[in-house]
Amino acid sequence: MHQPVLLKEILEYLNPKPGQNFIDCTIGLAGHALSIARRILPQGKILGIELDKKVLKELSQIIAGQENIILKQGNFAHLEKIVDQIDFRPINGILFDLGMSSWQIEESGRGFSFQKDEPLLMSYQAGGLTAEKIVNQWPEEDLFKILGEYGQERYARKIAQRISQVRQIQPIKTTKQLVEIIARATPAQYHHQRIHLATRTFQALRIAVNDELNNLKEALPQALEILEREGRLGIISFHSLEDRIVKNFFRQAAQRGNLKILTKKPVRPSQEEVISNPRSRSAKLRVASKQ
Ligand SMILES: C[S@@+](CC[C@H](N)C(=O)[O-])C[C@H]1O[C@@H](n2cnc3c(N)ncnc32)[C@H](O)[C@@H]1O
């Protein structure tokens, strides 16, 4: 079911070689990590970081017997600390494949998909903030703000208003309820666009629940810091907010002479990949090497 995005391009740009060490900051179901692991044998190791404990459980079956993959549950925002804990050095390459995995969308039952009727969680970790808390408890103005900023949702105002009206009558608990609210808050022509009418709202809530943009902002300088010279840093992003953070970070670090940008423009998936894996459609890969 799971197809890693831009795999050929990742292998080409990160160029793993026997004996090298890599970090996969978002190991997921190891679609990229398994291919990298094969190329760094026999001595090279991969440190795989994953926030979602349930994903790690699935993964442990997939990578059983792969002794050169070390797993750590945690948030890549604490990258340096995680690396220090197990003294994982030298580091020749670091990969981020941002966002959620197909397993989380299809199997987790946590409300990542607007095509299913599930509880409104949208969280990679149990016990923290959830989409349900945001839609039922946050002030309307804050809802408006995240829908506009994180979702770039044209109808942010109308959707926020509708949410705050509905929740006074009954709590909003499921993805289906939320999709209906968005449908009622937006004009009919918005229901026949290329992307689903709930795409932007769901994206905004997921980013807010998991504090995704701040995690990325915190992780990038740490990744650069821990890399060996000539080490490669590759980031696959799935929307313009993430890509802008990566682009600006690369540009500023390149100006200081700390890295060399290897992808002048972001690398996009081929037409064949988009056809065989529609999730890759919005992917953008940027790669740099440490100087
Ligand atoms: C797009 S998937 C990675 C898929 C993986 N490259 C593969 O091919 O199997 C992103 C993964 O990163 C995890 N993740 C998201 N934010 C994270 C964070 N801040 N720290 C660590 N893992 C995170 C998600 O739980 C998800 O499993």
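The values are calculated or read from the model by the stated rules, or taken from the named source; none is laboratory data. This is a predicted model, so every value here is computed, not measured. We place every Cβ from the backbone using ideal geometry, glycine too, and count neighbours over all the protein chains shown. Remember, those area values only see protein heavy atoms, side chains included, never the ligands or the DNA or RNA. Shrake-Rupley method; radii C 1.70, N 1.55, O 1.52, S 1.80 Å.
Observations on the model:
- Looking only at the stretch 47-82, and only at residues there that are modelled with pLDDT of 95 or more and of a type in the set (Val, Ile, Thr), the one that is farthest from the ligand (Cβ to nearest atom): Ile70
- Of the residues in the stretch 185-196, not one is assigned to a helix (DSSP H, G or I), farther than 27 Å from Pro90 by Cα, within 16 Å of the ligand (Cβ to nearest atom) and modelled with pLDDT of 95 or more.
- Residue within the stretch 90-111 that is in a loop (DSSP other than H, G, I, E, B), away from the ligand (no atom under 15 Å from the Cβ) and touching a strand residue (DSSP E or B) at 6+ places or on another chain (Cβ under 7 Å) present: yes
- Residue in the stretch 201-244 that is farthest from Asn75 (Cα to Cα), counting only those that are within 12 Å of the ligand (Cβ to nearest atom) and among the acidic types (Asp, Glu): Glu242
- Residue in the stretch 126-137 that is farther than 25 Å from Ile235 by Cβ, out of contact with any helix residue (DSSP H, G or I) (no Cβ under 9 Å at 6 or more places or on another chain) and either surrounded by 15 or more Cβ atoms within 10 Å (Cβ to Cβ) or in the same structural domain as Arg232 (by TED's automatic domain parsing) (or both) present: yes
- Options Leu216, Leu205: the member that is open to solvent by less than 10 Å² (accessible area, probe 1.4 Å), in the same structural domain as Gly93 (by TED's automatic domain parsing) and either assigned to a helix (DSSP H, G or I) or in contact with an Asp or Glu (Cβ under 9 Å, 6 or more places away or on another chain) (or both): Leu216
- Inter-residue pairs, beta-carbon under 6 Å, first open to solvent by 40 Å² or more (accessible area, probe 1.4 Å) and in the stretch 26-47, second more than 15 Å from the ligand (Cβ to nearest atom), 6+ apart: Gln43/Gly19; Lys45/Asn21; Lys45/Asn68
- Of all residue pairs spaced 6 or more apart or on separate chains, those with beta-carbon atoms under 7 Å, a first member in the stretch 51-78 that is aliphatic (A, V, I, L, M) and a second member that is in a helix (DSSP H, G or I) and more than 11 Å from the ligand (Cβ to nearest atom) are Ile69/Ala37.
- Filtered by the rule that a residue be within 15 Å of the ligand (Cβ to nearest atom) and farther than 21 Å from Asn75 by Cβ, the stretch 11-38 gives Leu11, Tyr13, Leu14, Pro16, Leu34, Ser35, Ile36, Ala37, Arg38.
- The strands (runs of 3 or more DSSP E) found entirely in the stretch 225-291 that carry 1 or more residues being open to solvent by 60 Å² or more (accessible area, probe 1.4 Å) are 232-237, 259-261.
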